[in-house]
Amino acid sequence: MAKLFYIVGASGAGKDSLMNYCRKALDGNTAPVVFAHRYITRPVGAGHENHICLSHEEFKLRQQNGLFAMYWHSHNLHYGIGIEINAWLQRGFNVVVNGSREYLDVARSLFPDHLQAISIEADPEVIAHRLQNRGRETGSELKERISRNSTLIFDRDGVIVIENNLTLEEAGRHLLKTLLSGIIEHA
Ligand SMILES: Nc1ncnc2c1ncn2[C@@H]1O[C@H](COP(=O)(O)OP(=O)(O)O)[C@@H](O)[C@H]1O
Ligand SMILES: O=P(O)(O)OC[C@H]1O[C@H](OP(=O)(O)OP(=O)(O)O)[C@H](O)[C@@H]1O
């Protein structure tokens, strides 16, 4: 059965970078693995995640009409994963999504047969340094993310942990191997 890889981890741990690493590594490969683009009420910024930006009204319309397979609200933003992932899973594709720790239990209840959570982890000082360098958030927004990271706990039962303290390549190879688990043949 196809898997829904639900990637979680502290803000700045490296979820987006590692998903990008795997996406690039699989480009041109016939393995049935696809990466969901998130719908977010955040403007698109150069060098950042290739998400789909929606206005609050657009988001609400889609949410109220059942166009999201999952959605949540954090950091004063709305996030959604489109119902297209249901079709992808049905067709046997492993689907990779960038998720929320807070929302993990809801996601588990929505996809009990498919969901495999993967937690990307790094030491707090490494994360704080990376968040500052990333520069997408500054000031109180940055502080709020760092403090959420130290207080938010989630049920780690069955969660695969990928350490990302060292090079992106090392952690990326580990994630790639996990995403391809169960897939016997790929070009
Ligand atoms: N292994 C790594 N080594 C060095 N920098 C990294 C590594 N992983 C991620 N980064 C950098 O850290 C910052 C946060 O990574 P990002 O992928 O945006 O994390 P997340 O999506 O979990 O918030 C980015 O600027 C990214 O380039
Ligand atoms: O419940 P949490 O695990 O704290 O997650 C809350 C939200 O923050 C992250 O997205 P976002 O792209 O805003 O931030 P990040 O890339 O810095 O993690 C994550 O992917 C969730 O959408």
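Between Phe93, Phe59, Phe154, the residue with the greatest mean-square fluctuation in the GNM of the chain (Cα pairs under 10 Å linked by springs) is Phe154.
Counting charges near Leu152 (Lys, Arg +1; Asp, Glu -1) among other residues having Cβ under 15 Å from its Cβ returns a value of +1. When +1 charges are put on Lys and Arg Cβ atoms and -1 charges on Asp and Glu Cβ atoms, the dipole computed for the chain relative to its Cα centre reaches about 240 debye. Cα centroid distance between segment 36-113 and segment 1-23, in Å? A separation of 13 Å, based on Cα centres. Which entries in Lys3/Lys177; Lys60/Lys143; Lys143/Lys177; Lys15/Lys60 show an alpha-carbon gap greater than 23 Å? Among Lys3/Lys177; Lys60/Lys143; Lys143/Lys177; Lys15/Lys60, the Cα-Cα distance tops 23 Å for Lys60/Lys143; Lys143/Lys177; Lys15/Lys60. Estimated at 0.36 nm per residue, the fully extended path between Ala46 and Glu141 surpasses their Cα-Cα distance by 32.3 nm.
Counting only DSSP beta bridges whose two residues both lie in segment 1-106, roughly 45 percent are antiparallel. When the Cα positions of Gly139, Val159, His48 are compared along the charge dipole of the chain, His48 comes out farthest toward the positive end, with charges on each C-beta of Lys, Arg, Asp and Glu. Bridge orientation summary for segment 4-179: considering DSSP beta bridges with both residues in this region, about 30 percent are antiparallel.
If I stretch the segment between Ala31 and Val106 completely, what's the gain in nm (0.36 nm per residue apart, minus their alpha carbon distance), one decimal? Don't skip to the end; give the middle numbers.
Numbers: separation 75, 0.36 × 75 = 27.00 nm, distance 2.83 nm.
Here the segment from Ala31 to Val106 would lengthen by 24.2 nm.
Estimated from helical segments only, the mean residue ellipticity of the chain at 222 nm is -11000 deg cm²/dmol, where each DSSP H run of four or more residues counts as -39500 (n - 2.57). Look at the Cα gyration tensor of segment 4-179: its axes a ≥ b ≥ c give a/c under 1.5, and that counts as rounded. Think of segment 59-187 as having a plus end and a minus end, set by charges on the Cβ of Lys, Arg, Asp and Glu; of Ala107, Phe59, Leu176, Phe59 sits farthest toward the positive end of this dipole.
For Gln116, the amide hydrogen comes within under 5 Å of the amide hydrogens of Leu4, Phe5, Tyr6, counting only partners 5 or more places away or on other chains and with H modelled in the peptide plane.
Here, each number is a calculation from the coordinates, and none is a lab measurement. Please read these numbers as outputs of a predicted model, since none were measured by experiment. We place every Cβ from the backbone using ideal geometry, glycine too, and count neighbours over all the protein chains shown.
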